[in-house]
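Okay, structure first, notes after.
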Amino acid sequence: MTLLPLIIIMLLTLGSAAVAMMLRNLIHSALLLILSWAGLAAFYLWAGAEFVAFAQVLVYVGAVSMVVLFAVLLTRRSRADLEVPPPALKRIFLAVFPSSLIAGLLIGAVMGAFPRDNSGPVPELTVKDVGFLLMGPHTASLLTVGVLLTVALLGAIVIASPEKPEDKP
Amino acid sequence: MSAALGTEPFLERAPLELRDWFVQLLTRWFHLPELLQWVLHNLISIVAILAVFGLFFAFTTIAERKLLGRLQNRLGPNRTGLPKFSRLLGGWHFKHKLFGLTQPFADAIKALTKEDIVPAGADKLLHFLAPVIVVAFSLMTFAVLPFGRHYIPVEMDAALLYFFAAGSATELAIFMAGWSSRNKYSLLSAMRALAQLISYELPLILSVVPVVLITGTLSTQQIVIAQGGLTLGFLPHWFVFTPWGFAGFIIFLVSALAESNRSPFDLPEAESELVAGHLTEYSGFKYALFFMAEYFGLTALSGLGITIFLGGWQAPYGFLEFIPSYLWFMGKLVLMIMFFIWIRGTLLRLRIDQLTRLSWKFLVPLALINLVNAAFWSLTADCSAPLQIARWAASIIVIVVPFFFMGRKLSAGFAPRTYRYAP
């Protein structure tokens, strides 16, 4: 009974991600990618992590999606440009090799982070507890992430700012 | 429902009793299993919300048209009466036009029967999906608003986060509408609308954070409960009656106006000068759906503002509690909507650069200062009575001084405006 929603969510997430890879139209791919992010949020919701689920929607579906869509629109000149040519063997290799490396790294890190034996009682975490945990024992990592994001933002501004004075009004 | 319900006055629990009675009746007639009972139970809540806020939307449009008419010294729509039922009633004809109150239904019929034009080059699927998504997600935000003491559709821990998460999907719909129309004006104005929505989402969320800081919860119902009682013996303990709450409320109001594309921030769809924005290629019922979503968004944001700053369903004083809580909520909602209409009739539209400047250079820093102010307020919560005066004064100074300082800086070189050609 509780597995049925999981299967639906899984099919939705993986299916939309797979179709996003197949489509030739970049905007359609981006929108399907956003759907698969929303599917991830649904998975978090199913797993009982309300806070993470809504944060996922707010950050990925709300903000990162805009970055992706704007990037696609600003780097393509015309609508015909949005169609990507079918993949060559070299490109497939270039895509699969680094992504499988990253996947291996991530899976290794995730497997190493959790104890092997997780048969203990499931902790009841409310949003409040998550907040106190973030502000208490995990303050340092939170601050580090904040500084990292700020640096990334400043870098983006530096890259985007015009070098020549001709842009001035 | 819960045990606490039994002690409530009759009016307070009447709608819930009606729902339970209906579910029990159907259960007895059709021998419904447990699951179907639960579905029916929730379905009734959903239908109630759809019906109440659908009608609320209809009458908001007519109220807006009539009120704007009065503000502009004209009458507004007052001709649409009831259709001629004289045949049915045997020759007797109801002559009164009902002040034109049936106008929204005439508008709905017009929108439904109008031709739905889809451009030949449009992305048909996305063009269809955009209005559907925008309405669906703007309706979803109603799920966490506490309409009354026992009237909250879904009670959850992270309700505020849910509200903003559901609201963020409308940006996606606007992009889809602009892009799928295959019209460069649509696409450009979708980008402009997105720039506006993204700019104002920040002050909107930042203006809500102080309340979370003070109450220590993200649940909307808990926030309303925290606003019960009186401060200093005569003020209702609503957050708008504190220095940080008042500042937060003003920031929230301005950002809510911009988020729901209301005048003076109605650049996304400024029909008189910027075409119809991302809706240029929409007509008929799809256009009506966008229109509907805009009003739903406005109503939901007003409801959130009431919940967070204006005490939600709480009556201002104890002796007024004989009026049921949901009527208090609806009354405050009507006042908020009236206020928004009044603003639309009064203020002039901003330009896009003025609009983004107002957000990034004024509202965001002010909201951050207000957050510090709220932190100070919560740290000095239990100080003695004479110190309370100092606390109020300090809190007011912390927010008012930056307001004047930054306001002066924002309008430097722009104000006071000189009119060279007008007398």
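For residue B:204, the criteria (1) open to solvent by less than 10 Å² (accessible area, probe 1.4 Å); (2) farther than 27 Å from residue B:401 by Cβ hold in every case but one, which is (2). Here B:213, B:202, B:197 are screened, and the one residue that is in the same structural domain as residue B:161 (by TED's automatic domain parsing) and more than 24 Å from residue B:133 (Cβ to Cβ) is B:213.
Among residues of region A:45-72 that are at the interface with chain B (Cβ under 9 Å from one of its Cβ atoms) and open to solvent by less than 40 Å² (accessible area, probe 1.4 Å), none has a beta-carbon under 7 Å from a residue that is modelled with pLDDT under 80 and in a helix (DSSP H, G or I) at least six positions away or on a different chain. Selection of region B:151-181 for residues being aromatic (Phe, Trp, Tyr) and not in a helix (DSSP H, G or I) yields only B:151.
As a summary of the residue check, residue B:36 satisfies the conditions (1) under 28 Å from residue B:300 (Cα atoms); (2) open to solvent by 50 Å² or more (accessible area, probe 1.4 Å) except for the one numbered (1). Within region B:169-208, the set of residues being touching an Asp or Glu at 6+ places or on another chain (Cβ under 8 Å) and aromatic (Phe, Trp, Tyr) comprises B:179, B:200.
Taken over region B:166-196, the criterion of being more than 18 Å from residue B:123 (Cβ to Cβ) and either polar (S, T, N, Q) or at pLDDT 90 or above (or both) is satisfied by B:168, B:170, B:196.
Residues in region B:173-193 that are within 11 Å of another protein chain (Cβ to nearest Cβ), of a type in the set (A, V, I, L, M, F, W, C) and either over 19 Å from the mean Cα position of the chain (by Cα) or open to solvent by 30 Å² or more (accessible area, probe 1.4 Å) (or both): 7 in all. Any residue that is within 11 Å of another protein chain (Cβ to nearest Cβ) and open to solvent by 40 Å² or more (accessible area, probe 1.4 Å) - is there at least one of those in region B:155-169? The answer is yes; a qualifying residue exists.
Of the residues A:58, A:40, A:11, which single one is in contact with a helix residue (DSSP H, G or I) (Cβ under 7 Å, 6 or more places away or on another chain), within 22 Å of residue B:129 (Cα to Cα) and at pLDDT 90 or above?
Details: A:58 fails: at pLDDT 90 or above; A:11 fails: in contact with a helix residue (DSSP H, G or I) (Cβ under 7 Å, 6 or more places away or on another chain).
One residue alone meets the criteria, A:40.
If you go through region A:16-42 and keep only what is away from chain B (no Cβ under 14 Å) and free of Cβ contacts under 8 Å to residues at least 12 places away in the same chain, you end up with A:18, A:21, A:22.
Out of the residues in region B:221-261 that are hydroxyl-bearing (Ser, Thr, Tyr) and at pLDDT below 90, state the one that is farthest from residue B:397 (Cα to Cα).
Quick first cut of region B:221-261, residues hydroxyl-bearing (Ser, Thr, Tyr) only: B:231, B:242, B:255, B:260.
Of the ones still in play, those that are also at pLDDT below 90 are B:231, B:242, B:260.
Values: B:231: 20, B:242: 13, B:260: 31 Å.
Ranking the qualifying residues of region B:221-261, first place goes to B:260.
For residue B:82, indicate whether it is at pLDDT below 85 and either under 24 Å from residue B:286 (Cβ atoms) or surrounded by 12 or more Cβ atoms within 10 Å (Cβ to Cβ) (or both). Yes; evaluated as a whole, the condition is true for this residue. Given the condition closer than 22 Å to residue B:199 by Cα, in a loop (DSSP other than H, G, I, E, B), assigned by TED's automatic domain parsing to the domain that holds residue B:257 and open to solvent by 50 Å² or more (accessible area, probe 1.4 Å), answer yes or no: does some residue in region B:351-359 qualify? Scanning region B:351-359, I find at least one residue that is closer than 22 Å to residue B:199 by Cα, in a loop (DSSP other than H, G, I, E, B), assigned by TED's automatic domain parsing to the domain that holds residue B:257 and open to solvent by 50 Å² or more (accessible area, probe 1.4 Å), so the answer is yes.
Look at (1) outside any helix (DSSP H, G or I); (2) small (Gly, Ala, Ser); (3) within 23 Å of residue B:193 (Cα to Cα) and you find that residue B:367 fails only one, number (1). Answer with yes or no whether residue B:267 is more than 15 Å from residue B:190 (Cα to Cα) and within 21 Å of the chain's Cα centre (by Cα). Answer is no for this residue.
Here residue B:302 fits the description: of a type in the set (S, T, N, Q) and modelled with pLDDT of 90 or more. Are any residues in region B:93-149 part of a helix (DSSP H, G or I), surrounded by 15 or more Cβ atoms within 10 Å (Cβ to Cβ) and modelled with pLDDT under 85, and if so, which ones? Listed by number, the residues that qualify are B:99, B:100. Would you confirm whether or not region B:210-217 contains a residue that is surrounded by fewer than 23 Cβ atoms within 10 Å (Cβ to Cβ) and either at the interface with another protein chain (Cβ under 9 Å from one of its Cβ atoms) or within 24 Å of residue B:121 (Cα to Cα) (or both)? For region B:210-217, residues surrounded by fewer than 23 Cβ atoms within 10 Å (Cβ to Cβ) and either at the interface with another protein chain (Cβ under 9 Å from one of its Cβ atoms) or within 24 Å of residue B:121 (Cα to Cα) (or both): present. Is it true that residue B:233 is in contact (Cβ under 8 Å) with a residue 12 or more places away in the chain, surrounded by fewer than 23 Cβ atoms within 10 Å (Cβ to Cβ) and more than 18 Å from the chain's Cα centre (by Cα)? Considered against the rule, which asks whether it is in contact (Cβ under 8 Å) with a residue 12 or more places away in the chain, surrounded by fewer than 23 Cβ atoms within 10 Å (Cβ to Cβ) and more than 18 Å from the chain's Cα centre (by Cα), residue B:233 comes out as no.
Determine if region B:220-229 includes at least one residue that is touching a His at 6+ places or on another chain (Cβ under 7 Å), more than 14 Å from chain A (Cβ to nearest Cβ) and surrounded by fewer than 23 Cβ atoms within 10 Å (Cβ to Cβ).
Initial filter on region B:220-229 (touching a His at 6+ places or on another chain (Cβ under 7 Å)): B:227-229.
After this cut, where a residue has to be more than 14 Å from chain A (Cβ to nearest Cβ) as well, the list is B:227-229.
Add one more test, that the residue is surrounded by fewer than 23 Cβ atoms within 10 Å (Cβ to Cβ), and what stays is B:228-229.
Among the residues of region B:220-229, at least one is touching a His at 6+ places or on another chain (Cβ under 7 Å), more than 14 Å from chain A (Cβ to nearest Cβ) and surrounded by fewer than 23 Cβ atoms within 10 Å (Cβ to Cβ), which makes the answer yes.
The values are calculated or read from the model by the stated rules, or taken from the named source; none is laboratory data. Since the model is a prediction, treat every value here as computed from it, not as a measurement. Positions of Cβ are generated from backbone atoms using ideal geometry, with glycine treated the same way; all protein chains shown enter the neighbour counts. Ligands, DNA and RNA are excluded from the accessible area calculation, which covers all protein heavy atoms including side chains. Shrake-Rupley method; radii C 1.70, N 1.55, O 1.52, S 1.80 Å.
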